[in-house]
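*Asks:* One structure coming up, written as C-alpha cells, with questions to follow.
The values are calculated or read from the model by the stated rules, or taken from the named source; none is laboratory data. Given the structure is predicted, the values throughout are model-derived calculations rather than measurements. Cβ atoms come from the backbone with ideal geometry, glycine included; neighbour counts cover every protein chain shown.
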Ligand code: FUB
Ligand code: ZN
C-alpha cells in the first residue's frame, strides 16, 4: 500500500490491521483472520454452532436476567443512586459476551442477536461519563475512589470493552461501541500516560486490547499507551490488592521490568494476557526487547510448569503458578481462561518466530485444556480443569466470577484465527481443520482448503487454488507429537517407540520437502487443484513425565494425535483409580459416533484392582478398560476420572 493511501485511511480514523502489520519487520508472519476462513470441519463446526445457539444465549441470559450485570449499566444511566450489585469486574463479562456475539454474527448472521447486542451497546454507552470513564462499580459506589487500587480491574474492564468494540465494528461496521471504547482509552491516556502518573494494571489485558485499537484506528497513541502500560511494571509502582498474595508483585508480574523477566510467576491468566500484549507491542513497534524476555518465560512455562493437557496455573490459592514441576492432578487449578490465554500467546510467538513449536503448544492447550472448559451440551462450564477426580467435580451452569464461559465462547467462535498464517510469499498451515481460506498473495486471491477427519484421523488433504499459476511457499506444520516429541522441553516424553513416521505427497507423488522450524516446506509454482496430502500416523502413545514431577511419578498418560485421553467412570465399571497400565497393555481404537458427540475411544485389557468389601484385601484381574478424550469427560454425570495412570500396583494413589 502506498504511503498516501495509508495517510488517507489513517485520517479517516480507520486502517486495516493488515496494512499496519505489513509494516512490521519483527513479526515475520501475518495472522489470517477468521473472517477470511470458512470452517466446514466435522469436529469444530458443530462446536461453533453450539456456541452460537446454546452458549451465547446462556451468557446472555446469565448476564441480563439471572445476574445484575446489565442492570448495573442501567442503574448508572438512571442516576437514582441505586447500589451496584456483584463483583467489581462483572462488566467484563458483558464485554466478553459481546465479543463472542460479534464473532458469532460474522460466522452466522442473526438479526435478533444483533438487535440484542445493539440494545446492550446502547446501555453501555449510556453509562459512560462525560469524561469517558466507564465502570459501573465505581460509578455506583463512589467515583472518588477510582484509580486508587490497581487490583480493582479498571483497566481490565477497559481492555475487554475495547476488544468487544473492535470485534463488533469489524463484523457490523457499527461505530457506537468503538467510539465508546476510544473515549475510554483517551480518558485513561490523559489520566496517566500524558501526565506521566505511574500506574500498574493489576490484571493485564488492556495492553493487547490497545494494540487492537491501534490496528483498527491507526492512532499510534493507543500503541504508545500499550507500551507505556508494559513499561510501568517492575518499578514498585504497583499498589493495592485485597489479600496478601495479591499484594506480592510476583502475583501480577510486577517484580521485574517486563523486558528483563525470565521466569513465570503469579496469576496465570494475567500472565498470558501480559505476554500476548507484549508480543503485540513488540511486533507493532519493532522492539525485540520483549521477545527476548518472552522466550525465557515461555520456556519456563512450557518446560517446567505446564500440564500434559496444555493447562497452566496449578495452584488455586493464587489462580496461578507455584514452584517448578508442582503439577498436582486432582488439585490442579488450570483455569479455562489460562488455556485460552495460552492459545493467544502461542499464536503471537509463532508469528514472531515462524517456529511450529508454539503451535504445538497452542494445539495442546486448545484441544485439551481449553475445550475441556465447555460441556458437550454447550451450557455447562469448568472454571478449573483437574486431571483427576474422585467423582465430586462437575461443570457448573455459571459462576460468581464468570470469566471462563464467555472466554471459551469467544475463543471457539474465532478458532479460525489459528488455522492459517501468511506472508506475501508463503502460506502456513498451522492447524488441521476442514476449512477454506481466501488469502491475498502477491495481489492475487489464493484459496487454500483442507479436508480432514482430524483429530480422529491424521490424513489431511490440502487443495490449492491460486487462480492463475503462482509461485509461493507452503509451510505445513508437522506436529511435535508426530516427530517423537510430545511437548517442547524434556518434562514429557513418549515411553514407547510406536512408529510415527509421517509422509507427504504432492499430487499423489512423494514430495521432497525441507523441514524448516517444524514445518514441511514446499516451494513451487502452484496451479488450480494442486493437492498436498499429509499423512500423520496416530498410534496410541504413552507419555511419561520426568522424575521432578512428583505427581506423575511411575504413571503414564495416553495420547493419540493431539488429544490427551483419560479414563472415566461410565466406561470402566464406575471406578478409574484402580486401573493399572503396565507397559505391555495394548490399545485398539474405535470411532463411536453415538458416544460423546462422536469420539475415538481407546480399548484395552488391563489389570484392575478390586478391594474386598471389608477393605482388608485386594485382588487384581485383567478387565476391559476404555479411555476417552480428556476434553469430553464429565458429560455423563459426576464420577471418577483420571489422566495419569499407575504403571504398577504400588503406584496406585487412591484405592476406591
Ligand atoms: O479477575 C478476573 C478473572 O477472574 C481472572 O482472570 C480469573 O482468574 C478470575 O479470577
Ligand atoms: Zn476464567
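*Asks:* Considering (1) under 17 Å from residue 496 (Cβ atoms); (2) crowded, with 21+ Cβ neighbours inside 10 Å; (3) out of contact with any strand residue (DSSP E or B) (no Cβ under 8 Å at 6 or more places or on another chain), say which one residue 648 fails and leave the rest.
*Replies:* For residue 648, the exception is condition (2).
*Asks:* Within the stretch 268-282, count every residue that is in contact with a helix residue (DSSP H, G or I) (Cβ under 6 Å, 6 or more places away or on another chain) and either away from ligand 2 (no atom under 13 Å from the Cβ) or free of Cβ contacts under 8 Å to residues at least 40 places away in the same chain (or both).
*Replies:* The total comes to 8.
*Asks:* Then there is this: Does residue 607 satisfy being touching a helix residue (DSSP H, G or I) at 6+ places or on another chain (Cβ under 8 Å) and over 25 Å from residue 637 (Cβ atoms)? Before the answer, list the steps.
*Replies:* Details: touching a helix residue (DSSP H, G or I) at 6+ places or on another chain (Cβ under 8 Å): yes; over 25 Å from residue 637 (Cβ atoms): yes.
Yes.
*Asks:* Here are some conditions: (1) more than 14 Å from ligand 2 (Cβ to nearest atom); (2) under 27 Å from residue 93 (Cα atoms); (3) assigned to a helix (DSSP H, G or I). Residue 386 meets all but one. Which one does it not meet?
*Replies:* (3)
*Asks:* For the list (1) closer than 22 Å to residue 74 by Cβ; (2) over 24 Å from the mean Cα position of the chain (by Cα), I need the number of the one condition that residue 168 fails.
*Replies:* (2)
*Asks:* Also, I was wondering about something else. State all residues of the stretch 403-460 that are over 30 Å from residue 67 (Cα atoms) and part of a helix (DSSP H, G or I); if no residue qualifies, say none.
*Replies:* 416, 417, 418
*Asks:* Here are some conditions: (1) modelled with pLDDT of 95 or more; (2) within 29 Å of residue 628 (Cβ to Cβ); (3) surrounded by fewer than 22 Cβ atoms within 10 Å (Cβ to Cβ). Residue 445 meets all but one. Which one does it not meet?
*Replies:* Only one criterion is unmet by residue 445, namely (2).
*Asks:* Specify the residue that is surrounded by the most Cβ atoms within 10 Å (Cβ to Cβ); the eligible residues are those in the stretch 347-376 that are within 16 Å of ligand 2 (Cβ to nearest atom) and part of a helix (DSSP H, G or I).
*Replies:* Ranking the candidates gives 369 first.
*Asks:* Could you tell me whether the stretch 612-633 includes any residue that is closer than 23 Å to residue 385 by Cα and part of a loop (DSSP other than H, G, I, E, B)?
*Replies:* yes
*Asks:* Inspect the stretch 172-192 for any residue being at pLDDT 95 or above and within 16 Å of ligand 1 (Cβ to nearest atom) and give the result as yes or no.
*Replies:* no
*Asks:* Can you find, within the stretch 253-267, the residue that is nearest to ligand 2 (Cβ to nearest atom) among those that are touching a helix residue (DSSP H, G or I) at 6+ places or on another chain (Cβ under 8 Å) and farther than 13 Å from residue 313 by Cα?
*Replies:* So the residue we want is 253.
*Asks:* Still on this model: Condition check: under 30 Å from residue 450 (Cβ atoms), surrounded by 15 or more Cβ atoms within 10 Å (Cβ to Cβ) and modelled with pLDDT of 95 or more. Does residue 43 satisfy that?
*Replies:* It is true that residue 43 is under 30 Å from residue 450 (Cβ atoms), surrounded by 15 or more Cβ atoms within 10 Å (Cβ to Cβ) and modelled with pLDDT of 95 or more.
*Asks:* Within the stretch 387-402, which residues are crowded, with 23+ Cβ neighbours inside 10 Å and either assigned by TED's automatic domain parsing to the domain that holds residue 574 or within 16 Å of ligand 1 (Cβ to nearest atom) (or both)?
*Replies:* Listed by number, the list holds a single entry, 402.
Yes or no, residue by residue, for (1) part of a helix (DSSP H, G or I); (2) within 16 Å of ligand 2 (Cβ to nearest atom); (3) assigned by TED's automatic domain parsing to the domain that holds residue 398:
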residue: 55; (1), (2), (3): yes, yes, yes
residue: 63; (1), (2), (3): yes, yes, yes
residue: 85; (1), (2), (3): no, no, yes
residue: 88; (1), (2), (3): no, yes, yes
residue: 92; (1), (2), (3): yes, yes, yes
residue: 103; (1), (2), (3): yes, no, yes
residue: 118; (1), (2), (3): yes, no, yes
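*Asks:* Where in the stretch 477-564 are there strands (runs of 3 or more DSSP E), lying fully within it, with 3 or more residues that are more than 27 Å from the chain's Cα centre (by Cα) and in the same structural domain as residue 579 (by TED's automatic domain parsing)?
*Replies:* none
*Asks:* Identify, by number, the condition in (1) surrounded by fewer than 24 Cβ atoms within 10 Å (Cβ to Cβ); (2) under 30 Å from residue 556 (Cβ atoms); (3) within 16 Å of ligand 1 (Cβ to nearest atom); (4) modelled with pLDDT of 95 or more that residue 344 doesn't meet.
*Replies:* Going through (1) surrounded by fewer than 24 Cβ atoms within 10 Å (Cβ to Cβ); (2) under 30 Å from residue 556 (Cβ atoms); (3) within 16 Å of ligand 1 (Cβ to nearest atom); (4) modelled with pLDDT of 95 or more one by one, residue 344 breaks only (2).
*Asks:* Which residues, counting only those in the stretch 289-340, are free of Cβ contacts under 8 Å to residues at least 12 places away in the same chain and within 16 Å of ligand 1 (Cβ to nearest atom)?
*Replies:* If the condition is that a residue be free of Cβ contacts under 8 Å to residues at least 12 places away in the same chain and within 16 Å of ligand 1 (Cβ to nearest atom), then 322 is the only one that fits.
*Asks:* Any chance the stretch 138-147 includes a residue that's free of Cβ contacts under 8 Å to residues at least 12 places away in the same chain and within 30 Å of residue 35 (Cα to Cα)?
*Replies:* The answer is no, given that none of the residues of the stretch 138-147 is free of Cβ contacts under 8 Å to residues at least 12 places away in the same chain and within 30 Å of residue 35 (Cα to Cα).
*Asks:* Filter the stretch 154-198 down to residues that are within 25 Å of residue 270 (Cβ to Cβ) and not in a helix (DSSP H, G or I), then give me how many there are.
*Replies:* 4
*Asks:* Here is a further query. Among the residues of the stretch 227-238, is any modelled with pLDDT of 95 or more and within 21 Å of residue 96 (Cα to Cα)?
*Replies:* No, because not a single residue in the stretch 227-238 is modelled with pLDDT of 95 or more and within 21 Å of residue 96 (Cα to Cα).
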